[in-house]
Structure formats: structure tokens, C-alpha cells
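Enquirer: Here you go, one structure.
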Amino acid sequence: MIYKRSSALFAEAQKVIPGGVNSPVRAFKAVGGDPIFVKEAKGAYLYDEDDNMLIDYINSWGPMILGHAQADVVSAVIEKAKKGTSFGMPTELETEIAALAVSMVPNIDKIRFVNSGTEACMSAVRLARGFTGKDKIIKFAGCYHGHSDAFLIQAGSGAITFGTPNSPGVTEGTAKDTLLARYNDLAHVEEIITQHKGDIACIILEPVAGNMGCIPPVAGFLEGLRKLCDAHGILLIFDEVMTGFRLAKGGAQELLGVDADIVTFGKVIGGGLPVGAFAARNEIMDFLAPQGPVYQAGTLSGNPLAMAAGYAMLSTLNDRPEIFSSIAEKTEYLHQGLEQALIENSVTHTINRLGSMISVHFSETPVRDFDTATNAASGDAFKKFFHNMLGQGIYIAPSAYETWFICDALSREDLDKTIEACRKASKDIA
Ligand SMILES: *Cc1c(COP(=O)(O)O)cnc(C)c1O
């Protein structure tokens, strides 16, 4: 495949945009080469500026769970736009999407809409601190909760890919209130709680980690965290920005049967427009301004276009819950095919999967936390695999620390084509 025009556009972009991109992982730094510029997308396919067609396993990093340019979402946005794009005043649609989200997700009474997953997580932590009157938070190495200061302490995804897990610009004062734990290691969390008894406002985590590859929680991990939080007056925050409205209607809380105190959303909830949200039971949400003392606001929060896209997305998922099992089955089919292809070519690997989240690690050791994920990502295998797949028209995330996002628009033929591409790519890295 030829990427002449993409490369030319990238050169132009670099003159006026830092690194040529508006979000770091887009830049291919971890895999080398120039990023691909998209012209348009439909269903499971991307069409780039050189007129290549690619099967898309990023899906805008999660939101396009039904595929690109889904008809209901597109027409909802177009119709809304004709009536004005922002008012900074309440609209009925905000109540409708809030009521729908509250009905789909277990254990929440109220939800506040913001503009990104970053904002949602940042606000959730402020709310937890305000509610408990405590300052410290526990986060897990390799979990990503957006780019707000308190989270850029061994964050996953782009932050690892760039080798700057502790970003310059984050003050020591901020860093000292973020306590870092090992994912899937309950004893470590208990140790930290004991060391900082009475000082911890919340534990925040991805209930299924998706920003160090896909790492499901080991049996008892989430349940154990729930018990520790109850015993010590700590709030449990599930960052469901990736898992929410993806693993099930009610996200990881529903699928894994563990209740969080505060839940954050992003990605799917906006149907491809900039939306985030955080939600909890009344007792906690009533602490938020204007009802309570914890301040949080947004000029464009609850924006009509974003709400229209989100509402179209959520109501489709609500009306057709079989979508969740359909994408999980597609993911399982892909898992089996990829595994077979890798085995045939004697490529050492570990595939992690839960629901429609899957990642291929080129290492034999089980990948269950940040250290094992980093270890698995250390060689050149992923880079080679990525470029080989891309050459065959398969677009996976340009970093070993990402989940593949499976959308419902993928057909059996697309999956077979992907598996066949993997078979060829495996020969390259064997
Ligand atoms: C993507 C992501 C975020 C950040 O959301 P943005 O909309 O990019 O700010 C936060 N948490 C998790 C788990 C994510 O996957």
C-alpha cells in the first residue's frame, strides 16, 4: 500500500501542530513511520487520503461500537444541528439521555455530562475528595484515566508508549497524593491503605484494564477492592470510559457483578462526539454544585449535538442488547483464529480477552499487570506485526499497550481476512 498523500499531509501538519497530531498515540511513534490520514469511514472500514481501504480495529479508540457513520447517529446529529448547536441553557434531551443512562447502568441515581473521559475522571476524583473530606487517591500502574495531573503517574496507553509515565509539568505536590498500586494485587492495595490509614478518598481503576493491552481482573480482585473500600470508608471509582456500554448495557458493574460508588463514562456514551459523564447514587451526586459544595462546570457540557449522538447510540444499544453478545462472539472467533495462526508459526504469544476487548502480547508469560505488560511489549515483535498487518489493510492500534476494539459492523469475512493477515504477519516475526 502507498501512503504518499498521508505522509505529505503529516509533513504539513507538523509545521503547525505539535508532532503533527492532536493526541499523541496517533503519531505512530511507538511503531515508527508516518501516521495515516483518514478521509472518511463507513461501517468497519476506513478510507484514507491515498484511497486505501483499511479494516478498522481502533474505531476511534472505542466509541464506534456499531461501526462508522451509523445511520441513526448521523441523522440525529444532522437534525439537531439545524436547530442550533449550543445554548448554554438546559434542554429536554439532556434529561432524556440521563434517564436512559440511569436505567441501563446498575447502582446509579444521577449522572452529570461533561466533554471527555478525562474530565469525567478528574471530576469524579474531586467529588470523592469532597464527599469523604480526604486527599489521597489510589490508582493502579498502567491504568489510564485521561491526562489530568493526578493521573499521569504511571498511566497506561500513550503515556507509556512515550516513555514519560510521569510527565514533566505535574507538580510533586500533586504526585504525592496519588498512591500507586499493582493491578490485580489485592495485598499491595491493603498494604497501601494500612500505610495511609484514614487519608484515602478513593480507589480509581479500570475494572477491565484496556490501556496496557487488555487485562481482565483476576478472580476476587474487584470483590476484594469493594470489601476494602467498605471497611475503610473509601469510595470505589470504576473508570468505565472504555468498558461502559461496551461490555454490557451496564458495563463492567453488570458483567462482573461488583458495584462501584462512582462510575465514569466516555467513548461509546457520545456515539463519536465529545462526551464524558460521571454517575453515582444520590447521596454522592447531591454533593455536586449547584446542589452541593463540590464545583464542576462546562460551557459545552450537555451540548445538543453530542447528546443527540449519545442518545441515538445508547437507545440503539438499549433496544438491541444482543449487540453485546454479537461483538463478544466476533471477538472470540477472532481470538481463536489469531491464536491458531500464531501457533502454526510458533510465535510466542499471550492473548487476553474479555467481551469485545482483546489484545495480543508477544510473550509467553501471563500479562496481568503493568510490569508483565511492559515486559511483553519490550521486543520488536509488535512493531513488525503492526506494519505487516497494515500492509495487508488491517489497522490495529499503533502501540502494544492498546486493546483492539471490535465493532458490530465487522463481518465474518473481515474477521477471516484479519486472521489470514495475522498468519502471514506471524511468519515475519517467527
Ligand atoms: C480513553 C480513556 C480515558 C480518557 O478519555 P478521553 O475522552 O480521551 O479524555 C479515561 N479512562 C479510560 C479508561 C480511557 O480508556
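The values are calculated or read from the model by the stated rules, or taken from the named source; none is laboratory data. In this text, all values refer to a predicted model and were calculated from it rather than measured experimentally. All Cβ positions, glycine included, derive from the backbone under ideal geometry; neighbour counts span all protein chains shown. The area values use the complete protein model at the heavy-atom level, side chains included, leaving out ligands, DNA and RNA. Shrake-Rupley method; radii C 1.70, N 1.55, O 1.52, S 1.80 Å.
Enquirer: Identify, from the list Thr194, Thr174, Thr243, the residue that is modelled with pLDDT of 95 or more, over 27 Å from Val105 (Cβ atoms) and either open to solvent by 10 Å² or more (accessible area, probe 1.4 Å) or within 16 Å of the ligand (Cβ to nearest atom) (or both).
Expert: It is Thr194.
Enquirer: Report, by residue number, each residue of the range 267-291 that is open to solvent by 50 Å² or more (accessible area, probe 1.4 Å) and in a helix (DSSP H, G or I).
Expert: Lys267, Asn282, Glu283
Enquirer: Continuing with this model, one more query. Counting only residues that are open to solvent by 10 Å² or more (accessible area, probe 1.4 Å) and among the charged types (D, E, K, R), which one in the range 124-147 is farthest from the chain's Cα centre (by Cα)?
Expert: This residue is Lys134.
Enquirer: Oh, and also: Since Met1 meets every condition but one in (1) without any contact (Cβ under 8 Å) to a residue 40 or more places away in the chain; (2) open to solvent by 50 Å² or more (accessible area, probe 1.4 Å), which condition does it not meet?
Expert: Result: Met1 fails condition (1) only.
Enquirer: Looking at (1) of a type in the set (Phe, Trp, Tyr); (2) more than 26 Å from Ala377 (Cβ to Cβ); (3) in the same structural domain as Ser399 (by TED's automatic domain parsing), find the lone condition where Phe87 falls short.
Expert: The one condition Phe87 does not meet is (3).
Enquirer: Here's another thing I want to ask about it. Which residues, taken from the range 134-154, are closer than 17 Å to Gln296 by Cβ and in a loop (DSSP other than H, G, I, E, B)?
Expert: Passing the criteria: His145, Gly146, Ser148.
Enquirer: For the list (1) out of contact with any Lys or Arg (no Cβ under 6 Å at 6 or more places or on another chain); (2) part of a helix (DSSP H, G or I), I need the number of the one condition that Thr264 fails.
Expert: Of the numbered conditions (1) out of contact with any Lys or Arg (no Cβ under 6 Å at 6 or more places or on another chain); (2) part of a helix (DSSP H, G or I), the odd one out for Thr264 is (2).
Enquirer: Looking at Ile204, is it within 16 Å of the ligand (Cβ to nearest atom), assigned by TED's automatic domain parsing to the domain that holds Ala99, over 19 Å from Ile58 (Cβ atoms) and touching a helix residue (DSSP H, G or I) at 6+ places or on another chain (Cβ under 9 Å)?
Expert: Yes.
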